[in-house]
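Below: one structure, written as structure tokens.
The values are calculated or read from the model by the stated rules, or taken from the named source; none is laboratory data. The shown structure was predicted, so the numbers you read here are calculated from the model rather than taken from an experiment. Reconstructed Cβ throughout: ideal geometry from the backbone, glycine too, with neighbour counts over all protein chains shown. To get the accessible areas, we keep the full protein, side chains included, count just its heavy atoms, and leave off ligands, DNA and RNA. Shrake-Rupley method; radii C 1.70, N 1.55, O 1.52, S 1.80 Å.
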Amino acid sequence: MKALSIRNLTKTYGNGFTALHGIDLEVEDGDFFALLGPNGAGKSTAIGIICSLINLSAGTVRVFGHDLVRHSEKVKQCIGMVPQEINFNQFETVQNIVLNQAGYYGIAYKEALVRAEKCLKQMHLWDQRHTVSRRLSGGMKRRVMIARALVHNPRLLILDEPTAGVDIEIRRSMWQLMREVNEQGTTIILTTHYLEEAESLCRNIAIIDKGTIIKHSKMSDLLAQIKVNHFILDLADRLAQPPVVEGYDIVQLDSQTLQVGIPGEKGFNQLFLELTRQGISVTSMKNKSNRLESLFLDLVGG
Amino acid sequence: MRYRIALLTIVTKEVRRFMRIWPQTMLPPAITTALYFLIFGTLMGQRIGDISGASYMDYIVPGIILMSVISHSYANVVSSFYSTKFQRHIEELLVSPVPNWVILAGYVSGGVCRGLLVGTVVIGISLLFTTISVNHLGLSCLVFLLTAILFALAGFINAVFADSFDDISIIPNFILTPLTYLGGVFYSVDMLPELWQKISLANPILYIVNSFRYGLIGVTDIDITVALTMIISFIVALIIFSLYLLKKGVGIKQ
């Protein structure tokens, strides 16, 4: 059974703006799925509709076989939602936020206490359970929202930019938490602007732009389409000018650093053979997009 | 069972909210009504004399009690539900399998609890100034409860339409307070010119105050059956309208 099946979903707002132009989307049970797109592409609208925060204009949404319009309560039972912005009562304690959510799902208080303890411990928030939530750090607030979304054991967890604006250390720890939740059988749909995050976590991906799905495939298939990978090479000795290696795009960033574009079909061997032949010794190599993050984690000891 | 737990969760949350800020919710009505009783009842009342056979103090007690119930049941729901919208934790409810009637019942119950609690505090204050004779206990309790329900519903509708904090104070300041003062709390409509008597009949608070006054001291300007019918009709109309707004997602869904 599909965790999520969307057919011809359309949303036109009251001001006449059409945010979704009849999109189709399917997510398998147990998947870790990325829904990516630029700002204003329609990601949040699609997620808002799935989570009953926005009314759909046309089309159908089915969650584990339940139709969103005809059986909305069954759909809601299946879904846990972690929104982009903090949306809990910041005057409530952490534990009460989770307990209230359990209550909305009809979970009796004694059972809710047990579940809240489990979720808060999983999110490393148990020690903060009596803290008024406005006193928490940004990362803790995000984890409160995940704990809240998990308290009714949803089969489908929707994370709308859960790591937006948090530092790299917290982001990494949240990735680990999300992996654990997925490994326990919960299907996850993730929207994010951090492509590295989607690449690291997700097995399948859809890309939405201007209200239309422009790509819907396996992550590995998509990555295979990347023509050129960019790497940063640190050199042992200073260079006066960048080396020339046929078939590779090499830019000198400073006297001991090169940025190299490596075409997918060429690989590394020929590059290193040629650099060695020219007497250039490479001491380390990093993926260009991860360089600053790795440096930051090294500095903070994360 | 599931709905009962959801309802209890909302009500508990609401009661906890206004009890947490009791100096703002419980203390002011006690002080304000004590001043009303002192100034209007004790000092001026002695000069005004009796109205319809009741002392002026006894005459104004029912209206002042209901003024507190009206303003606090209304204020609780309008401020709480609007804050819920403003801070976006309404989304906690919208993503949950909570039917609209449970959301409405939960918030209205919270407003009713605060209205009745404040009303009870005001009754306690009034006992410092006079003795309250109860002519019809059942009717008094019924009107006490229906008043809280009616204005909690009105507060809910105000909150649904409100787009700013200004919007949640406009109705109480410019409509509710004048209607309350012109609803026969401090005078009998028989004392007004004939035209104003007729205009006053369009004021729902007139029916409420007179029903409650009849329940307590047995004095009324209005037929009680008509008054109760009006109050219940207003409540039913507001419930239907509120559920319609929730179903359409007015003010809470796009």
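Structural remarks
- Residues being open to solvent by less than 10 Å² (accessible area, probe 1.4 Å), under 19 Å from A:Gly185 (Cα atoms) and in a loop (DSSP other than H, G, I, E, B) - total across the stretch A:113-153: 2
- You will find that of B:Leu145, B:Leu104, the residue that is at pLDDT 95 or above, assigned to a helix (DSSP H, G or I) and open to solvent by 20 Å² or more (accessible area, probe 1.4 Å) is B:Leu145 and no other.
- Flag for B:Thr42 being away from chain A (no Cβ under 14 Å), under 20 Å from B:Thr177 (Cα atoms) and either open to solvent by 20 Å² or more (accessible area, probe 1.4 Å) or among the hydrophobic types (A, V, I, L, M, F, W, C) (or both): no
- Tallying residues that are within 19 Å of B:Phe151 (Cβ to Cβ), over 17 Å from the mean Cα position of the chain (by Cα) and part of a helix (DSSP H, G or I) within the stretch B:185-214 yields 1.
- Single unsatisfied condition, B:Arg88 versus (1) touching an Asp or Glu at 6+ places or on another chain (Cβ under 9 Å); (2) in a helix (DSSP H, G or I); (3) open to solvent by 10 Å² or more (accessible area, probe 1.4 Å): (2)
- Any hit, the stretch A:44-57, residues being touching a Leu at 6+ places or on another chain (Cβ under 8 Å), open to solvent by 10 Å² or more (accessible area, probe 1.4 Å) and more than 14 Å from chain B (Cβ to nearest Cβ): no
- Residue within the stretch A:161-176 that is at pLDDT 90 or above, in the same structural domain as A:Glu85 (by TED's automatic domain parsing) and surrounded by 22 or more Cβ atoms within 10 Å (Cβ to Cβ) present: no
- One residue from B:Tyr36, B:Tyr59 being more than 14 Å from chain A (Cβ to nearest Cβ) and in contact with a strand residue (DSSP E or B) (Cβ under 6 Å, 6 or more places away or on another chain): B:Tyr59
- Residue in the stretch B:181-201 that is modelled with pLDDT of 95 or more, of a type outside the set (A, V, I, L, M, F, W, C) and surrounded by 13 or more Cβ atoms within 10 Å (Cβ to Cβ) present: no
- Across the stretch A:12-22, not a single residue is classified as open to solvent by 50 Å² or more (accessible area, probe 1.4 Å), assigned by TED's automatic domain parsing to the domain that holds A:Leu156, within 30 Å of A:Trp175 (Cβ to Cβ) and of a type in the set (S, T, N, Q).
- The set of residues in the stretch A:78-112 that are of a type in the set (Asp, Glu) and either under 23 Å from the mean Cα position of the chain (by Cα) or assigned to a loop (DSSP other than H, G, I, E, B) (or both) comprises A:Glu85, A:Glu92.
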